Amino acid sequence: MTRPDSVEAESALGARIRSLRLLGNVTQSGLASRAGVSLQALRSLENGTGTSLRTLILVIQALDMQEWLGALAPKAGTMASSAIVRGMLRQRAHPDRDLSLQSGQQ
């Protein structure tokens, strides 16, 4: 079951991709070719009807928006880096300790 906020996020992301494409005066066919994805995959992305993570990444790169990728997957911060050095990196999640989900945060 898809969560309503994820549907909204997919639609908003697709609209933003479409806006950037149009701002650059690039056709769907041209962007799909530049990104190395099918035209249908790009249309699905722009319409917010689902796509693969790989398609999203390739299109973001083709639009020269690599900073989006940094925002989606930031590098580990100082605190995480020091935990790695000390050998304290978590190996698995523990369901009873997931405070963010228990408190309603996402």
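The values are calculated or read from the model by the stated rules, or taken from the named source; none is laboratory data. Quick caveat: nothing in here was measured; it's all calculated off a predicted structure. Neighbour counts are summed over all protein chains in view; Cβ atoms, including those assigned to glycine, are modelled from backbone coordinates with ideal geometry.
Regarding residue 79, is this residue loosely packed, with under 10 Cβ neighbours inside 10 Å and modelled with pLDDT under 95? Before the answer, list the steps.
Details: loosely packed, with under 10 Cβ neighbours inside 10 Å: yes; modelled with pLDDT under 95: yes.
The answer is yes for residue 79.
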(message) So the check is Cβ under 8 Å with 6+ separation or different chains; which pairs have a first residue in the stretch 22-48 that's of a type outside the set (Lys, Arg) and a second one that's assigned to a loop (DSSP other than H, G, I, E, B) and surrounded by 15 or more Cβ atoms within 10 Å (Cβ to Cβ)?
(response) 24/63; 31/63; 41/51; 44/51; 45/51
